[in-house]
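Shown next, in structure tokens, is the structure this report addresses.
Here, each number is a calculation from the coordinates, and none is a lab measurement. Quantities reported herein were computed from a predicted structural model and do not represent experimental measurements. Every residue, glycine among them, receives a Cβ derived from its backbone with ideal geometry; neighbour counts consider all protein chains shown.
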Amino acid sequence: MKKLIFLLLICFIVTPCLFAQVDFVYDGSSGDKGIFSIPNRFFEGGFDLGASLTNNILSMDKIFTNTIVLDFDDLKKGLKLNIDADARIFFNINNGGDWGLGFYGRVEGTGALGLSGSLLSFTEANGDKSDLNGALFFSCGVNAHLKLFNFRIKLRPAMYYTLAYVKPDVSYTFLNAENGTTFNIAYDMFLYTGFPMDGFPGNIDFTGSPGFDFSFGIEYPLAKVIGLNKTLPFLDFDVGLDVINIPIYASTTREYMRQQGRFGSSEPFYVINDELMGEGSSGFGDIFNHTSSPPVYGNEEMSVERPFKVMLSANWRPLLGSSLLTITPMLGFSISQLYLNPFHLEVGLNARLNIANLVIVSAGVNYFDRIWINSLTLALNIRAIQLDIGIDMRSQDFIKSWTASGLGLKAGLRFGW
């Protein structure tokens, strides 16, 4: 029963994943000011929800069929899978573009499965590693922005609590030698939690400690300051820098559950055993051997930091400075301790069409959190209520991101005046 609970918890943790976009962005000037433009809300509250499923091999039309056909050449590239979810509630006060203050609470997770191509294609390898990770956070914090001289400064101090964190070690070995064949898939998984696992799902006592991080952003109207927008009105743009989740104090978990096991054998064997060949220490059946130890519960401090990001961006208004159309290129990097290779580059290109602050359409092609995301979002705003809906196609492979190898959905509701 404990093993079943352990597996269900791993699925629960790997399933939720934070939205891949950079969310530390404030736009206080939504649309041209004019008689036909809906004014911005001074105060507002609301919520955002999102979920997605991503892989690098199968498109959605192939997944939801009676028979799934896999291309062996695709398996050689490895399998990458992400399943994402996110929920946030917030309350904001905005005084136009001069200043603003907001509060939010959020549940977010991140999880990924990355099986190596050697494992899936059964090619020779020695200790080949695969990715399997997951985390679940609760966070709350303050969003603030302030216009100071020509700068818009954005600040977000946050407190976060690590509810669960998966730290596995999965390795694959397949070697042919004179003394036989060595084949095994070994795993050693740690599930760190902010509460004791041996009492789950009964009474839960939180034993972990919260962490703190800090985000800030700066926007600067470069074209306006140097007078470029007057000489060439179609070159009106701002530049920006966002630094996200600067660690101040890491969240700490103090409980863990450990599960170890192996498929195959650590000792060499002959594929055809001695009954057929007259020699050999073991047979083909050793490939299917599975050994595992009972779950082990313990206490150990584990420090967890949220992914750190740095993003450069520009907001270009090509229609003679009108915010009817804004094009935003982005470039940066992320560092996440969840992955075997923590450092990764990120890039994006987004366009935003704002019609009188009533209808806002956004589209983008972004490579965030190791996933290509082609998104389309629609916002309908009647000032008292704003509804946001969005859909995207995504994949870890750029070409497959256009064939619905992954899908994402999101929705949001804002109300105020």
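The table below gives the values:
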{"read-out": "Derived scalar couplings ³J(HN,Hα) [segment 212-229; Karplus, 6.51 cos²θ - 1.76 cosθ + 1.60; whole Hz; x for Gly, Pro]", "value": "10, 9, 9, 10, 8, x, 9, 10, 9, x, 4, 4, 5, 5, 8, x, 5, 5"}
{"read-out": "Ranked I244, I399, criterion: other C-beta atoms within 10 Å, fewest first", "value": "I399, I244"}
{"read-out": "Derived scalar couplings ³J(HN,Hα) [segment 300-317; Karplus, 6.51 cos²θ - 1.76 cosθ + 1.60; whole Hz; x for Gly, Pro]", "value": "7, 6, 10, 8, 10, 10, 6, x, 9, 9, 10, 10, 9, 8, 9, 9, 9, 10"}
{"read-out": "R0 of 25 Å, Cβ-Cβ distance A356-K230: FRET efficiency to nearest 0.05", "value": "0.45"}
{"read-out": "Proximal charge balance of N229 [Cβ under 13 Å; K/R count +1, D/E count -1]", "value": "+1"}
{"read-out": "From phi via Karplus (6.51, -1.76, 1.60), per-residue ³J(HN,Hα) for segment 249-265 in Hz, x at Gly/Pro", "value": "8, 6, 5, 10, 9, 10, 10, 8, 10, 10, 9, 10, x, 8, 9, x, 9"}
{"read-out": "Anisotropy class of segment 102-249 from Cα gyration tensor, a/c 1.5 cut", "value": "oblate"}
{"read-out": "Diffusion constant of segment 204-246 at 37 °C, which comes from Stokes-Einstein with the Kirkwood Cα-pair radius and 0.692 mPa s, µm²/s", "value": "243"}
{"read-out": "Ranked list, fewest to most other Cβ atoms within 10 Å of each Cβ, for W417, W372, W316", "value": "W417, W316, W372"}
{"read-out": "Two-site FRET efficiency, I204 against V296, from Cβ-Cβ distance with R₀ of 22 Å, rounded to 0.05", "value": "0.65"}
{"read-out": "Amide hydrogen neighbours beyond the local backbone of S251, cut-off 5 Å, H modeled", "value": "G211, F212, V304"}
{"read-out": "Residues whose placed amide H lies under 5 Å from that of A356, excluding near-sequence neighbours", "value": "D32"}
{"read-out": "Cα gyration tensor category, rounded, prolate or oblate, for segment 192-271 with a/c compared to 1.5", "value": "oblate"}
{"read-out": "Full-stretch length increase - L175, F149 - with 0.36 nm per residue and alpha-carbon distance subtracted", "value": "2.8 nm"}
